[in-house]
Amino acid sequence: MELTGEQAQRWILCFQEKIEKNKAYLSDLDQAIGDGDHGSNMYRGVQAVKEKLNELEDPTTEEVLKTTAMALISKVGGASGPLYGSAFMQMAKTAKETTELPELIQAGLEGIKQRGKAELKDKTMVDAWAPVAEALTNGTFSNDTIDQAVEDTKPLQAKKGRASYVGERSIGALDPGAVSSGYLFTALVEEVLK
Amino acid sequence: MKKIINDASQVVGDMLKGMLLAHDDLIEAIDNTNVVVAKDKPQTVGLVSGGGSGHEPAHAGFVGDGMLRSAVLGEMFTSPTPDQVLEAIKASDTGQGVLLIVKNYTGDVMNFDMAKELAEMEGIEVDSVLVDDDIAVENSTHTAGKRGVAGTVLVHKILGKLARDGHTLQELKQIGDALVQDIHTLGVALSGATVPEVGKPGFTLDEDEMEYGVGIHGEPGYRREQLKSSREISKELVEKLVKEYNLNETKKIGLLVNGLGATPLMELYVFYQDVVNELKNHNVEVVFKKVGNFMTSIDMAGLSLTLIDLEDSSRLDALNAPVHVVSW
Ligand SMILES: Nc1ncnc2c1ncn2[C@@H]1O[C@H](COP(=O)(O)OP(=O)(O)OP(=O)(O)O)[C@@H](O)[C@H]1O
Ligand SMILES: [Mg+2]
């Protein structure tokens, strides 16, 4: 299925609402195994995204994705800024060729992996993106895909990012970046795939 | 939380304004950014550093002739963004290129990398040196690696002097890469730091507790125990640090005793004399020393000890060279 510019805009604005609503929760998750700023980092980013997206009139899919990338890169900071930024940047590049959703999400995943060098099961946002990209490609995607992927970060020990410093103590906690990525995909379901 | 501030969400900007007013002879800021630049810009490679705020005087206090060309201030304990780092790079380039000095944290590494890519697209030559002096963390493939802490300041000082002497970007990169391998730091915390917007300490220790190996953002250390005397703490830190060096023959070293924010200078000196005594049991000659607050963690109580190999006399000369910055 193709993602139109109008759908992309609604998708990202819905993501913004979810981040806003769960800002404190995301920071709490990060406090447990990181430094407690994932909620405020993402919040800063999506506020800027909202402002920029609302300025666009009838944008193309590429425009929405690129605008989102630039706003996140310039406002989030921390680890998640360059990671989400690279994801949307790669999606924007891909959107020049195709706006097929599975291809776009796959490109986003590649952007994150290139930037952060994390592999599957390192307990990062990659663990949310990879199963979703795969299920979309195979046509097996459902709401469960998201919930399961996010939940599956719990038993993992973090090997990348701040959470890797706490070693085994990261086992049993959800990865905050996977949870925020989960909101991104839930927003996709609600606004585009419903 | 008790702090002398106006608005917890504006602390970084307010601090920057005050700093600029207080030191308008040395530094200025690029409009609409949190980038501090030296007023004096000789035609040499520009050194750029930065990171989250809360580590004052790092890094803005080290901007000026003989150290950094510019510093990028992120939000509290959060890496600055690539566009801000890019502004710093642009302002620091005089045609000889720019060297980034980055503390090893996932966020900083990625944001500075992106800025480097953006600057290269604009035709500016950029390289970077990664500082990872904190031996509290093992350098394994299962973690993000050792963290960059107080030793970073020594890298600023040494490379800053060599840049002023006219070394090329390539030379500075090479010297820097070798240098960071000879700098090792270990810290101890007596209390956690409070980020103003959070309002409570990142971690808590009991009245009689301390923790070895805590990072400058409150990253967990390697052991918590009953508070020990300065003498006992110095013994533990020294013994761990000297293991990082080959001391078969007497080695010339430098020392940096760094306060983490809420520990009085008095205690740093008490600790310093214990360190010097403790080092008598090891095969070292102390040829450089520095005691004070250089890389803090807001209001954390505690300190860190840094050792640096100074067998190479150009390093010692560089450390002793005069500078014109706010906080060396
Ligand atoms: N190398 C990586 N690859 C992919 N995702 C990562 C990587 N490192 C961290 N992450 C993700 O980033 C999330 C943390 O983001 P956050 O906004 O809290 O940044 P941070 O780690 O606190 O940054 P900083 O290092 O500046 O403090 C983690 O939950 C994880 O999902
Ligand atoms: Mg964090």
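Ellipsoid fit via the Cα gyration tensor, chain B: semi-axes of 30, 24, 17 Å, each the root of five times an eigenvalue, largest first. Applying 0.36 nm per residue to the separation of residue B:224 and residue B:239 and subtracting their alpha-carbon distance, the gain on full extension is 3.6 nm. For residue B:126, nonlocal amide neighbours, meaning residues 5 or more places apart or on other chains whose placed amide H falls under 5 Å from its own, are B:98.
Once the convex hull of all Cα atoms in region B:186-328 is built, its volume per residue stands at 115 Å³. Residue by residue, region A:133-149 carries 3J(HN,Hα) couplings of 4, 5, 5, 5, 5, 7, x, 9, 6, 8, 4, 4, 3, 5, 4, 5, 4 Hz when phi is fed to the Karplus relation 6.51 cos²θ - 1.76 cosθ + 1.60 (θ = phi - 60°); x denotes Gly or Pro. Under 5 Å between amide hydrogens, built in the peptide plane, is the criterion, and for residue B:209 it picks out B:227 among residues at least 5 positions away or on other chains. On the basis of the beta-carbon distance and an R0 of 41 Å, residue B:168 and residue A:194 show a calculated FRET efficiency of 0.10.
Near residue B:78, once Lys and Arg are set to +1 and Asp and Glu to -1 for all other residues with Cβ below 10 Å from its Cβ, the sum equals -3.
Listed cross-link partners B:228/B:290; B:251/B:290; B:90/B:146 are compared with a 27 Å cut-off, the Cα-Cα value being larger for B:90/B:146.
Taking Cβ atoms as reference points and 12 Å as the exclusive limit, the residues near residue B:154 contribute a net charge of +2, counting Lys and Arg as +1 and Asp and Glu as -1.
Directionally averaged projected area (chain A, Cα convex hull): 9.2 nm². For the residues of B:105-118, the average number of beta carbons from a partner chain within 10 Å of their own beta carbon is 5. The mean count of C-beta atoms from other chains within 10 Å of the C-beta of residues in B:141-151, rounded to a whole number, is 3.
Computing FRET efficiency as 1/(1 + (r/R0)^6) for residue B:140 and residue B:24, where r is the C-beta to C-beta distance and R0 is 60 Å, gives about 0.85.
Each of B:247, B:227, B:264 was placed along the dipole of region B:183-320 (beta-carbon charges, centred on the mean Cα), and the one lying farthest toward the positive end is B:247. Reported value for region A:1-92: 87 Å³ per residue, from the convex hull of its C-alpha atoms.
Between residue A:151 and residue B:8, the simple spin-label model (points 7 angstrom out along Cα→Cβ) gives 3.5 nm. The accessible-area ordering, largest first, of the residues B:222, B:212 stands as B:222, B:212, per a 1.4 angstrom probe. Packing here is the average count of other Cβ atoms within 10 Å per residue, and on that basis the peptides B:25-33, B:63-71, highest first, run B:63-71, B:25-33.
Principal axis extents of the Cα atoms in the protein assembly as shown, from largest to smallest and rounded to whole angstrom, are 72, 52, 47.
Placing +1 on each Lys and Arg Cβ and -1 on each Asp and Glu Cβ, with no other charges, gives chain B a dipole about its Cα centre of roughly 580 debye. Amide H to amide H distances under 5 Å link residue B:76 with B:53, where only residues 5 or more positions off or on other chains count and H is placed in the peptide plane. You can think of it this way: the chain between residue B:314 and residue B:83 has 79.7 nm of extra reach, that is 0.36 nm per residue less the Cα-Cα gap. A 1.4 Å probe run over the protein assembly as shown, with the rest of the protein chains in place, finds 41 Å² accessible per residue.
In the protein assembly as shown, taking the dipole from charged Cβ atoms about the Cα centre, the farthest positive-side position among A:90, B:101, A:59 is held by B:101. The calculated 222 nm mean residue ellipticity attributable to helices in chain B amounts to -9500 deg cm²/dmol, summing -39500 (n - 2.57) over DSSP H runs of n ≥ 4 and dividing by all residues.
The GluC sites (Glu not before Pro) of region A:66-167 meeting both criteria, a DSSP state outside H, G, I, E and B (loop) and at most 12 other C-beta atoms within 10 angstrom of the site's C-beta, are A:97. One Cα centroid belongs to region A:160-182, the other to region B:126-185; the line between them spans 28 Å.
A simple rule links phi to the HN-Hα coupling: the Karplus curve 6.51 cos²θ - 1.76 cosθ + 1.60 with θ = phi - 60°, which for region B:292-307 gives x, 9, 10, 9, 9, 9, 6, 10, 5, 8, x, 7, 9, 10, 10, 10 Hz, with x for Gly and Pro.
Restricting attention to the protein assembly as shown, close to 55% of DSSP beta bridges with both partner residues there are antiparallel. Considering all different alpha carbon pairs of region B:214-279, the Kirkwood hydrodynamic radius works out to 13.5 Å. For region B:133-280, a simple Cβ point-charge model (Lys and Arg +1, Asp and Glu -1, everything else neutral) yields a dipole of about 500 debye relative to the Cα centre. Site pair residue A:24 and residue A:96 shows an inter-label distance of 4.4 nm when each label is modelled 7 Å from Cα along Cα→Cβ. According to the Kirkwood relation over distinct C-alpha pairs, the hydrodynamic radius of region B:8-180 is 15.8 Å. Against chain A, whose longest principal axis comes from its Cα atoms, helix A:101-116 is set at around 40 degrees.
The values are calculated or read from the model by the stated rules, or taken from the named source; none is laboratory data. Since the structure is predicted, the reported quantities are computational estimates derived from the model, not experimental observations. Every residue, glycine as well, gets a Cβ built from its backbone with ideal geometry; the counts of neighbours run over all protein chains shown. These area figures cover heavy atoms from the full protein model, side chains too; ligands, DNA and RNA do not enter into them. Shrake-Rupley method; radii C 1.70, N 1.55, O 1.52, S 1.80 Å.
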